[in-house]
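Below you will find the structure I want to go over with you.
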Amino acid sequence: MQIAFLMAKSRRAAALFLLVLLLPAGALDAAHPEAARGSGGAVASAAPAATEAGLEVLRAGGNAADAAVATALALAVVRPRAGNLGGGGFAVTRFASEVKTLDFRETAPAQATHDMYLDERGEPRPGASLIGPLAAGVPGSPAGLYELHKKLGRLPWAKVVAPAISLARDGFTVDRRLALGTKEYADLLGRFPETAAVWLPGGQPLEAGSTMRLPELAATLEAYTERGAPAITEGPIAAAVELASRRYGGVLRAEDLAAYRPVWREPVRFEAFGWQVASMPLPSSGGIILGQTCGMLERLEWSKFSRFGADRYHILVEVFRRAYADRVLLGDPRTSLASANQLLAREWLNFRADGIRLTKATPSDRVRKWSGDLVPESRETTHLSVMDRDGNAVSITTTLNGTFGCGLLVPGAGFLLNNEMDDFATAPGQPNLYGLIQGEANSVGPGKRMLSSMTPTIAWRGKEVIVIGSPGGSKIPTATTQVLLNLIVDGDELQAAVDRERIHHQWMPDVVFAEAHALSPETEKALARRGHELRPVASLGEVHSVRGEIGGEMLAAQDPRGPGTAKIVRPAVD
Ligand code: DON
């Protein structure tokens, strides 16, 4: 069934977008957990075994970078729908008040072309940017995670990879969500015999509670331990990627993997509500959307409006609408038509905020895009948050894009390839998997990085530090923003901030998506009177967050919308 949806994407993008929003089932039904407390370091991630991997490394004296990489590698084993070696991601780090970001986003292969997803009539080829290796960008995770450890880690590399190796070699217990995932995505996984052999054993979805062993992935991780990133990006594993790609019409080649480099970039930085915030710059739109949102909200004195009243939600939606309208101009930093400096400039935020009327929604088609003449240039994803006992922090969001990526597992290497090429504007004016309409700045081109919405973020005020982020495609910036606002504007306790129901608006479609109980019946009516179209959704994002005071107590919160865990090392290790 999943394949049919993917194939019909271009014709039924809006319907699919809604389906994607609705997929995570029973989001808020789970009993709300309590945040974990302690002082020896904190890990929050989307899978209990991955959180444990991070804790194990912290207990062994590792720092936040060691623990974050160990958690991410464990997610590549136990959470194959999103955790990965065949995808990419972003990290925001803060070590002894030095903030950096690492971009290990996938790139388009050298043979990628502007119109590679269009047929001879210029029409989108259904599924081409989503299924099979033609949809895959050059994986960034192997070089990215290795680089993150090399630059900031403290423990030997082998200790950081070890938990993932044991999970892959000795086996892990299949949880309900993974079992369900293999059932829901059986069409996609069954399309490639190489993938089916591992993830649909005997042609059947996995059973919850069974033990899963991944010997090929364990061997890949062992090679990675011994030789670092080149073990995957060069030699037999890179050759296996090329072979699998060629077999199914992909243009991904071994040279693409060898040529891939992660990039350290300056974060998007701004001040909001008395906090310093650092988030991901281009090629992610996430930090810019977060910064624009906070900037406009401060100008509109948003915090003074009654917390759950219609005015607050109305303003939030209007602000999101404008930030996402500007997103159309964004792309790889080399081709982006606007920069963070331009879109976060005081004049532009004033102009945008001034256009918001309190009594009426602005129809999205009347929100003018940034025109470039106002401000001179001043020149299924998974998120994890980690803090060590010294207060160093790492926020990583990593993704294959769609659930299980393009569906193709590289035989012999044991990992799935992403379908990140769909994050490019693959066909003019057509929404992508997340319903986002994108611009020429984000067109396909060899070596380009496709625009992302991932928003790994760190905020601090004095000794207090918050580490935050989310999966959820286009919903990532709005989910991350709302939890951050709950914390820094309304002073929620961490778990309450994560639990609280959320809304989403992304300019197009011109609809306010809302989780159940996010809006009171009165607020819903008041918003409808102002011209907003409201649509219920099961859940928006999955925010795994930690916060703490340097030298003091730490809290870690899991999002009840997913099966993740959040834990603390207690007491502190010596
Ligand atoms: O980079 C992006 O914005 C998307 N590839 C993220 C996809 C995603 O979050 C899927 N997970 N829920």
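The values are calculated or read from the model by the stated rules, or taken from the named source; none is laboratory data. Model, not experiment: these values are computed from the prediction. Positions of Cβ are generated from backbone atoms using ideal geometry, with glycine treated the same way; all protein chains shown enter the neighbour counts. Remember, those area values only see protein heavy atoms, side chains included, never the ligands or the DNA or RNA. Shrake-Rupley method; radii C 1.70, N 1.55, O 1.52, S 1.80 Å.
Would you kindly give the portion of the calculated P(r) for segment 472-565 that falls above 18 Å, as a percent of all Cα pairs?
50 percent
I've got another one for you. Could you rank ASP510, ASP390 by how accessible they are, 1.4 Å probe, largest area first?
Highest to lowest solvent-accessible surface, that is ASP390, ASP510.
For a distance above 22 Å, tell me the whole-number percent of Cα pairs in segment 274-407 that qualify.
48 percent
Spelling out what I want: for every residue of segment 120-126, take phi, set θ = phi - 60°, compute 6.51 cos²θ - 1.76 cosθ + 1.60 (Karplus), and round to whole Hz; glycine and proline get x.
5, 8, x, 8, x, 8, x
Quick check: with the 1.4 Å probe, what order do HIS314, HIS114 take by accessible area, largest first?
Highest to lowest solvent-accessible surface, that is HIS114, HIS314.
Testing the spin-label approximation: label points 7 Å from Cα along Cα→Cβ at GLU553 and SER306. State their distance in nm.
3.2 nm
Do you know the relative contact order of segment 399-527, to the nearest whole percent, from alpha carbon pairs under 8 angstrom that are 6+ apart?
Relative contact order for segment 399-527 comes out at 13 percent.
Now for a separate question. At a probe radius of 1.4 Å, what is the per-residue accessible area of ASP423, in Å² to the nearest 10?
20 Å²
If you take the Cα Rg of segment 269-326 and divide it by 2.2 N^0.38 Å, with N the number of residues, what do you get?
Relative to the 2.2 N^0.38 Å estimate, segment 269-326 comes out at 1.15.
Report the antiparallel proportion of the DSSP beta bridges in the chain as a percent, rounded to a multiple of 5.
90 percent
For SER210, what accessible area in Å² do you get when you roll a 1.4 Å probe over the heavy atoms of the protein chains, rounding to the nearest 10?
Rounded to the nearest 10, the figure is 40 Å².
How are the Cα pair distances of segment 508-553 distributed, in percent, across 10 Å bins from 0?
Histogram of Cα-Cα distances, whole percents per bin: 21, 37, 18, 16, 8.
A follow-up question, please. Roughly speaking, what is the centre-to-centre gap between segment 278-354 and segment 176-240 when only Cα atoms are used, to the nearest Å?
39 Å
With a 1.4 Å probe and all protein chains left in place, how much of the accessible area of the chain comes from carbon and sulfur atoms, in whole percent?
The value for the chain is 52 percent carbon and sulfur by accessible area.
Would you mind computing, in nm to one decimal, how far apart the modelled labels at GLU34 and GLU98 are, each placed 7 Å from Cα along Cα→Cβ?
Between GLU34 and GLU98, the label points sit 3.9 nm apart.
Provide the FRET efficiency to the nearest 0.05 for the ALA516-GLU207 pair, computing r from the beta carbons and using R0 = 35 Å.
Efficiency at R0 = 35 Å is approximately 0.70.
OK, next. Ordering TYR146, TYR434, TYR224 by how much accessible area each has at a 1.4 Å probe, largest first, what is the list?
My answer, sorted largest first, is TYR146, TYR434, TYR224.
With every protein chain present, what accessible area does LYS159 have (1.4 Å probe, heavy atoms only), rounded to the nearest 10 Å²?
Taking all protein chains as shown, LYS159 has close to 110 Å².
Accessible area per residue for the chain in Å², computed with a 1.4 Å probe and the full protein assembly in place, what is it?
Per-residue value: 34 Å².
Over the Cα atoms of segment 415-574, compute the convex hull volume and normalise it per residue, giving Å³.
Taking the convex hull of the Cα positions in segment 415-574, it is 181 Å³ per residue.
How high is the FRET efficiency between ASP492 and ARG535 when r is their beta carbon distance and R₀ equals 22 Å, given to the nearest 0.05?
Calculated value: 0.30.
Working only with C-alpha atoms, what are the Rg and Dmax values of segment 396-465, expressed in angstrom?
When restricted to the Cα atoms of segment 396-465, Rg and Dmax are 15.9, 50 Å.
From the residues TRP460, ALA208, LEU189, which one has its Cα farthest along the dipole of the chain in the positive direction, the dipole being from +1 and -1 charges on Cβ of Lys/Arg and Asp/Glu about the Cα centre?
Ranked along the dipole, the leading option is TRP460.
For all pairs of alpha-carbon atoms in segment 165-213, what percent lies in each bin of width 10 Å, listed from the first bin to the last filled one?
Once binned at 10 Å, the Cα pair distances of segment 165-213 give 29, 53, 18.
Along the Cα-to-Cβ line of ALA158, 7 Å from the Cα, sits a label point; which residues in segment 201-223 have backbone N less than 17 Å from it?
Counting backbone N atoms under 17 Å from the label point, the list is 219-223.
While we're looking at this one, here's another question. Just give me a number: lysine pairs in the chain, eight or more positions apart or cross-chain, with C-alpha atoms less than 21 Å apart.
13
Treat every Asp and Glu Cβ in the chain as -1 and every Lys and Arg Cβ as +1, leave all other atoms uncharged, and give the resulting dipole magnitude about the Cα centre to the nearest 20 debye.
600 debye
With the Cα gyration tensor of the chain in hand, convert its eigenvalues to equivalent ellipsoid semi-axes via √(5λ) and list them largest first in whole Å.
One finds semi-axes of 33, 28, 22 Å for the chain.
Given the rule -39500 (n - 2.57) for each run of at least 4 DSSP H residues, summed and divided by the residues of the chain, what is its mean residue ellipticity at 222 nm, to the nearest 500 deg cm²/dmol?
-10000 deg cm²/dmol, from helical runs alone.
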